[in-house]
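Written out below as structure tokens is the structure these notes cover.
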Amino acid sequence: MKKYFFLTLTLLYSLTGFGQLQSPSSFLPHELGTQFTPHHMLVQYLQHVANNSDWVKLTEYGRTNQQRPLMLAHIGKPENLARLEEIRTNNLRRTNVMEGPTDPTLNNIVVIWLSFGVHGNEAAGPESAMDALYKLLVHPDRDAWLDRMIICYDPTLNPDGYDRYTHWYRNVGNTDPDPDPNAREHDEPWPGGRVNHYMFDLNRDWAWQTQTESRHRMSIYNSWLPQVHVDVHEQGYNSPYYFAPAARPFHAYITDWQSTFQETIGKNHARYFDEQGWLFFTKERFDLLYPSYGDTYPTYNGAIGMTYEQGGIGAGRAVLMNNGDTLTLADRIAHHTTAILSTIEVSSQNADALIKNFSTYWQSSQANPPGTYKTFIISSDNVSGRIDAFCALLDRNGIRYGMAADNFTTRVFNYQTGKTERMEVTSSDLIISAYQPKAVLTQVLLEPETFIEDSVTYDITAWSLPYAYGLKAFASTDRIDVSKERAVVNPPFSFPQNTYAYLLQWNDLSDARFLAKAIKKGLVVRYASQPFRVENKSFDRGTLVITRADNRKHPRFDATLLALAQETNQHLQTTQTGYVEQGHDLGSSEYRLITAPNVLLLGGERTRSNSFGQAWYFFEQDIRYPVHLRDVEPFSDINLDDFNTLILVDGRYSFNENEATQLTSWIRAGGHLIVIGSANNSVSRLDRIGLQPANRERPAQTSYDQNSAPLYAEQERNSIRSYIPGAIFEVNMDYTHPLSFGIGDTYFSLKTSSGAFTPMENGYNIGRIGTSGMVTGFAGQYALDLQRNSVVFGVQPYGRGTVTYLVDNPLYRSFWEQGKFLMSNVLFFVNN
């Protein structure tokens, strides 16, 4: 017996090219599937595999906010791994992202990318990453599958969230799992492991790349651009397994090949699932529209992008399902492993077709971009800071841009007005041509409106970046070639002696970062409430005014400002006099003193973790200004007098009578309450403050027509009449109010719910939706009617304090750059 066992091991090691390869169950202190594996053990197992295999190369491509390593394994036969960099660059040459001829000896190698665990509490993903890796390497078909394939293998995209979940579960779970759905181990506390450190959903961040995990990952992803990408997820534990083909709607630019090959993959998976008698579904729920998912972003970059969903959220190690069966962690791992190995198999079998159609995709889209608009023009009239931020996002996505060769006139679509007009394009305007390698992604992200073939969709339906960045932009159906690179001009960093005041125009988020740093350095800053002109230079409302008189006690006044200007790359202007030619002299009360905000941000079980995280990230990363974090409960234990600014993010708050009095008394004494999103519903129930919900009745049905009555099967489609999944609304702004400074009389707001509120009679309705404003994206007819003449942004004076109402969350997913600028106005200007 020992003889045969020894021969079996020898054969196994010979097949896999290992010395002492162990399975996950042999290596880990627990059998795989009987307990969750902390991230550090997962990394140790990957290192073990790489150290004992010449078929795996492991690299660290970044670190999370909590300094956990982000790991990527490359899997392939040893001779291919030895030429890994050559294979990578050759693959990029197929796309023209990298120039130069391809290498004929490498043109037959297909690249696939497998991603696990973007949501940390979908923990069967990382667990199955270990199982699938081992089973691939010992699989009898390994050599055939990997002969012409490189696999990029990311075992956990969200280590911080994954460890939050696994450590919590290991702390509360019984020795033997309790399958009762009501057990403690199935009731994950706020904020849950789904999100990263800043409580962002990383599966909504592929294109925007606001988070450090996304930026690290997308840098290496865009340096490979695989032919196939799989994003491994979990869903509610009563749901069967989901795999491709995806549900409608598909974005119009998804090719027939991308659609039909999903069918090929799905049929291969079904064959294995049928053999085991496992339930599954396809073509439902998970569509291909919103561009910042782990299936759509790869799709818009030429790949076959897919989501796989195993039932399992909240399942722990075992849970009793509605059908009376018990779902175990081992079951979930087995399902994922089977789908992953099937993906590798079918990709290997269709390698030639994948490579051919991938190359065709890039060549044809660059030669003939599919969308109506072929060129996008960002006017040079825009403030440079907004253009800089916009270009930084284009750079992260590998989208090329430049300047026009000379001046000329052409017909364009005006994003601000929604109309077609003639425009003189100048050589100083920014040009983004769709005739470039990333043609499809360029059009998807920049087009003013997305074509939606079906309004029953999973996520927001509008995201056009010129609106998000507050840019004056135009789209042309003509091809306009880029002739030169954009030149970035750095501001001067020398100031005259004995400057009376330093002035900074208030235009974009970089100005808010400067102000935050100035306050932290102890500088006294004012803002102009009215336009003025001094020394033949004009300044608008919101201009920051930093006078020597206000700062005469500052020990290093001029040196500090010079250092801040250099650090933030801001163009500070100076004046030698406080006497203005137009407007009010600099000593006037029209220059309002900015009181340093002392901010309390409330989180906890009654708040939405994403919304809390977006606000937290805004302070810590966007403007780098201090913020205090507390749980909302018990509210009565909070001494509000320690703060002058309180933020209620999206959530459901319940204030008893004493707590309501505590809150309103604090506002009357001078506090500034900022209410975001659904928190407005809670505040509306308080006495004397709060917006009132709009409640327009639907038109009454005067008669019943059997033939036109809605069918039961159409109930979901009928319900979307009251639904706004995410659309851009034109908002009319009161440009004279500090909340609008630097924004002007129009703001384009990303509205992600159908909630609407009536204008106030005892406050300032700063931002309102009119009766005929532009709407981009889908909004159901009932919801659309409700929005007309509603207030989006309002300010209510209350005693010596203020309540600011933000019906739409300006910090949503942190990619709406103009919203973050608006939030800066609320923070620094509104209560002063």
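The values are calculated or read from the model by the stated rules, or taken from the named source; none is laboratory data. Only a predicted model underlies this, so the values are computations on that prediction, with no experimental measurement involved. Note that each Cβ is placed from the backbone with ideal geometry, even for glycine, and that neighbours are counted across all protein chains shown. Side chains included, ligands, DNA and RNA excluded: accessible areas come from the protein's heavy atoms. Shrake-Rupley method; radii C 1.70, N 1.55, O 1.52, S 1.80 Å.
Quick notes
- Convex hull volume per residue for the stretch 122-203, taking Cα atoms only, in Å³: 128
- Environment charge of Asn407, counting only residues whose C-beta is closer than 10 Å and scoring Lys/Arg +1, Asp/Glu -1: -3
- Across the stretch 232-237, rounded Karplus estimates of 3J(HN,Hα) from the backbone phi angles (6.51 cos²θ - 1.76 cosθ + 1.60, θ = phi - 60°) give 8, 10, 10, 10, x, 5 Hz, Gly and Pro being marked x.
- FRET efficiency for Asp147 and Leu84, using Cβ-Cβ distance with R0 set to 25 Å, rounded to 0.05: 0.95
- Spin-label pair Thr105-Glu761: with each label point 7 Å from Cα along the Cα-Cβ axis, the two points sit 8.4 nm from one another.
- Peptides 820-826, 190-196 ranked from most to least packed by the mean count of surrounding Cβ atoms within 10 Å: 820-826, 190-196.
- Cα centroid of the stretch 561-636 to Cα centroid of the stretch 749-789, whole Å: 27
- Mean shadow area of the chain, taken as a quarter of the surface of its Cα convex hull (nm²): 40.4
- Treating each Cα of the stretch 96-143 as an identical point scatterer and summing with the Debye formula, the log10 of I(q)/I(0) at q = 0.16 Å⁻¹ comes to -0.71.
- In this label model, Phe493 and Ser589 are separated by 4.0 nm, measuring between points 7 Å along each Cα→Cβ vector.
- Filtered trypsin sites (Lys or Arg not before Pro), the stretch 590-631: DSSP coil and at most 14 other beta carbons within 10 Å: Arg624
- Solvent accessible area, Å² - Met774, 1.4 Å probe, full protein context: 40
- When a 1.4 Å probe is rolled over the protein heavy atoms, the share of accessible surface on the chain that falls to carbon and sulfur comes to 46 percent.
- Near-label residues of the stretch 292-334 by backbone N, under 13 Å of a point 7 Å along Cα→Cβ of Glu284: 311
- Annotation: for a label point projected 7 angstrom from Cα along Cα→Cβ of Gln20, residues of the stretch 40-72 with backbone N closer than 18 Å are 44-54.
- Contour excess over end-to-end distance, with Cα ends at Glu657 and Thr264 and 0.36 nm allotted per residue: 135.3 nm
- Phi angles of the stretch 224-229 translate, via the Karplus equation with coefficients 6.51, -1.76, 1.60 and θ = phi - 60°, into HN-Hα couplings of 10, 6, x, 7, 9, 9 Hz per residue; Gly and Pro are given as x.
- Relative contact order computed over the chain (Cα-Cα under 8 Å; 6+ residues apart), in percent: 10
- Burial ranking of peptide ranges 538-544, 135-141 (average Cβ count within 10 Å, highest at the top): 538-544, 135-141
- Net length available on complete extension from Ser364 to Tyr782 is 146.3 nm, with 0.36 nm assigned per residue and the Cα-Cα distance removed.
- Mean residue ellipticity (222 nm) of the chain, computed from DSSP H runs ≥ 4 via -39,500 (n - 2.57), nearest 500: -9000 deg cm²/dmol
- Probe 1.4 Å, protein heavy atoms only - accessible area per residue of the chain in square angstrom: 40
- Of the residues Trp616, Trp463, the one with the largest accessible area comes first in the ranking Trp616, Trp463, computed with a 1.4 Å probe on protein heavy atoms.
- Against the compact-protein benchmark of 2.2 N^0.38 Å, the Cα-based radius of gyration of the stretch 565-605 scales to 1.94.
- Put simply, when 88-94, 272-278 are sorted by average Cβ atoms within 10 angstrom per residue, most first, you get 88-94, 272-278.
- The calculated Kirkwood hydrodynamic radius for the stretch 348-397 is 14.1 Å, given to one decimal from all distinct C-alpha pairs.
- Cα→Cβ-extended label distance, 7 Å offset, between Gln47 and Arg411, nm: 6.4
- Amide H to amide H distances under 5 Å link Asn598 with Asn644, Thr645, where only residues 5 or more positions off or on other chains count and H is placed in the peptide plane.
- Enclosed volume per residue, in Å³, of the convex hull spanned by Cα atoms of the stretch 321-447: 210
- Full-stretch length increase - Asn171, Arg215 - with 0.36 nm per residue and alpha-carbon distance subtracted: 12.7 nm
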